[in-house]
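> Sharing a structure with you now.
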Amino acid sequence: MTYDLLIKDGRIIDGSGRPAFHGDVAVAEGKIVEVGRLDGAARRVIEADGRVVAPGFVDNHCHYDAQVLWDPLCTFSCYHGATTVIIGNCSLALAPVRAHGREKLAGMLSYVEAIPMDVLQAGVPWTWETFPEYMKAIGQRLGVNVGTLVGHSAVRLYAMGEECSERPATDGELALMRGVVREALEAGALGLSITRNMNHFDIAGKRIPAACAPESELFALADVLREVGTGVIQCGGGTNPELKDRLLSRLAQACGRQIMYNTLLEQARQPGRWRTHLAHVEETARQGIRAVPLCNPGSIVNRFTMKNCQVFRSMPTWLPILQASDEEKMRAYRDPETRAKLRAEVEAPLGPDSTFSKRWDLLIVEQPRRTENRGLAGRDIAQIAKAQGKDPLDAFLDLAVDEELETVFSLGEINSDTDAVAQILGSPYAVVGLSDGGAHVQFHSNVGNPTRLLGYWVREKGIMSLEHAVRRLTFDSAAAFGIYDRGLLQPGMAADLVIFDPDTVQPGKQDTVHDFPNDGWRIRELAEGIHYTVVNGDVLLEKGAHTGNYPGRVLHNARHQMAR
Ligand SMILES: [Zn+2]
């Protein structure tokens, strides 16, 4: 036979964790045909020159729900070797939706995931109502494969309208929600996403609908997955309820489906908690229950101004000010009485929902606006406060007010303890991922997760073998989300492949680009050392450039595939 693609002389890492070996990979009709020492005619030959050939990476936690409509490559995940992205996480999705609910639904995605509203207004064509119609709309033209989750907030808004953040659902509304979830699963959605993140608000300052649902509603929706016999459940903000009263373990037990939740991480605001969390997950796994946290190889650095800041939102006096107009913010931050209240809340003991660690030494002045403040760039608030003989809160707010809220700050409180991160990333009880691709587009980029794992954690820190790291990015993730035909480099599997150089692979330097609708800007993070990204047998990216091919498709759950 004539192959469509023959990759010669690769160091094959097949995604199972088995040792690498040298060989060729043959592809025909979008699938891997054979692996080994191969000859024969091929329409295209790629010389891998001893570089790694691996299954394409699965970027398992993304918010490209809107972006995919104007950017079918879902950049920039694919530049880091991702051939599949999973969208619809954390209860947020753009379907199902009725015409009068569009603005509200887009507002949730905009506010929670920090995607500018004018970008969404200009870029989302709203040609669908139901979830299957949305799947069809995005499937028109795709660079990468896209797996979808049906989001509980969208479902609740669809069923309950304006009151979706106000009250429990009636029996009729619940039945409608269950029907919508069933319809999505039957159309091939990979599962359902819910949230227990009580810090997620919409543009009007109301908690997003899914966070308002009582537990009984979560169980009723999860039960649809049991009935249909397929799908995963993803839960945003799952750590607190799981550690409090095993909510997600109970949910997984009740419906018999796997639950993936956010997040197992090391963070300054809760030192040592990751250890307790990991012990909890090991115990759950020993009982045969599938409630599994995601973990993240990145050190999330949050870049913000006090015009749009979520860092202090867990505190009651702070929250309404953060949501107020810029003038009102300035007035509040100047007012001594208000400031006393803000200070008291920051100084109170940390709770499980705290969003700020009080670690002023981790809060950096990234970009002062005024020339006379240039010297503060790169310094942390604790240092600055000391030099100015002020309380850190005063130093911080004085600067913000002095610069009319335009100072750019950065806060890196997460994954700053290397040993802890190494243990978390190596644990079989967690799944690596959580890039949040498509979200927080002007604040931070974590789509470099795979290249950071391979470059920093494997090559520089040596925390695991290359084979293990590839497995973390491929098979482990595909299996966790029910993607049955990808994640392994084996005959019969879909030909999603990445060719990379393990000696140079790493995230590139971040910059900004104006390539969003309405001339919106965002952070761009490209990669080094990724030579080819192949999707369904077609080359999508070659040495960092798009080939013009659109070989991606909407992925379906196994049950949907069987029924065809
Ligand atoms: Zn999310």
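Read the figures in this text as sums done on the coordinates, not as results from a lab. Only a predicted model underlies this, so the values are computations on that prediction, with no experimental measurement involved. As a convention, Cβ positions derive from the backbone with ideal geometry for all residues, glycine included, and neighbour counts pool all protein chains shown.
> Per residue of the range 547-552, in order, report the coupling 6.51 cos²θ - 1.76 cosθ + 1.60 (Karplus, θ = phi - 60°) as ³J(HN,Hα) in whole Hz, putting x for Gly and Pro.
Result, rounded to whole Hz: 7, x, 7, 10, x, x.
> Along its principal axes, what span do the Cα atoms of the range 36-129 show, with the longest given first and each in whole Å?
Here the spans come out as 59, 24, 20 Å, largest first.
> Let me check I've understood the local charge: for Asp245, count other residues with C-beta under 13 angstrom from its C-beta, Lys and Arg +1, Asp and Glu -1. What total comes out?
+2
> Any idea what angle helix 102-113 forms with the longest principal axis of the chain, computed on alpha-carbon atoms, 0 to 90 degrees, nearest 10?
Taking the Cα atoms of the chain, the angle to 102-113 is about 80 degrees.
> Quote the relative contact order of the chain in percent (integer), defining contacts as alpha-carbon pairs under 8 Å separated by 6+ residues.
Relative contact order comes out at 22 percent.
> Karplus couplings for the range 486-501 from phi (6.51 cos²θ - 1.76 cosθ + 1.60, θ = phi - 60°), rounded to Hz, Gly and Pro as x?
9, x, 9, 9, 8, x, x, 7, 4, 8, 9, 9, 10, 10, 9, 9
> Using a Förster radius of 45 Å, what is the FRET efficiency between Arg564 and His22 based on their Cβ-Cβ separation? Nearest 0.05, please.
It comes out at approximately 0.75.
> Skipping prolines and chain starts, which residues have an amide H placed within reach, meaning under 5 Å, of the one on Asp485, given they are 5 or more residues away or on another chain?
Excluding prolines and chain starts, which carry no amide H, there are no hits.
> Distance cut-off 31 Å, Cα to Cα: go down the list Lys206/Lys390; Lys31/Lys461; Lys307/Lys358; Lys390/Lys461; Lys329/Lys390; Lys307/Lys543 and report the pairs above it.
Among Lys206/Lys390; Lys31/Lys461; Lys307/Lys358; Lys390/Lys461; Lys329/Lys390; Lys307/Lys543, the Cα-Cα distance tops 31 Å for Lys206/Lys390; Lys31/Lys461; Lys390/Lys461; Lys307/Lys543.
> Here's another thing I want to ask about it. At 0.36 nm per residue, and after removing the present C-alpha to C-alpha distance, how many nm does the segment from Ala175 to His546 gain when stretched out fully?
Roughly 129.1 nm would be gained on extension.
> Shifting gears a bit: Take the Cα atoms of the range 436-564, find their three principal axes, and give me the spread along each one in whole Å, biggest first.
44, 42, 26
> Sticking with this structure for a sec: Could you size up the charge dipole of the chain around its Cα centre, putting +1 on the beta carbon of Lys and Arg and -1 on that of Asp and Glu, and report it in debye to the nearest 20?
It comes to approximately 740 debye.
> Ser216 to Asp394: extension gain in nm, 0.36 nm per residue of separation minus the Cα-Cα distance?
59.6 nm
> While we're here: Report, by chain and number, residues whose modeled amide H sits under 5 Å from the one on His440, excluding near sequence neighbours (fewer than 5 apart, same chain).
Long-range HN contacts for His440: Ala114, Ile115.
> Let me ask you something else. Pulled fully out, how much extra length does the chain show between Gln121 and Glu103, if you take 0.36 nm times their separation in residues and subtract their Cα-Cα distance?
Separation in residues times 0.36 nm, less the Cα-Cα distance, equals 5.7 nm.
> Using modelled backbone amide H atoms (1.01 Å from N, in-plane), which distant-in-sequence or interchain residues come within less than 5 Å of Ile289's amide H?
Result for Ile289 returns nothing.
> Now, a different point. Starting at the first residue of the range 373-385, write each ³J(HN,Hα) from the Karplus equation 6.51 cos²θ - 1.76 cosθ + 1.60 with θ = phi - 60°, in whole Hz, x for Gly and Pro.
9, 3, x, 7, 4, x, 9, 8, 5, 4, 4, 4, 4
> What span do the alpha-carbon atoms of the chain cover on each of the three principal axes, reported in whole Å from largest to smallest?
79, 58, 49
> What dipole magnitude, in Debye to the nearest 20, does the range 91-235 give about its Cα centre under +1 on Lys/Arg Cβ and -1 on Asp/Glu Cβ?
Here the range 91-235 has a charge dipole of around 260 debye.
> Compare the peptides 407-414, 516-523, 555-562 by average per-residue count of other Cβ atoms within 10 angstrom and give them in order, highest first.
In descending order of packing, they fall as 407-414, 555-562, 516-523.
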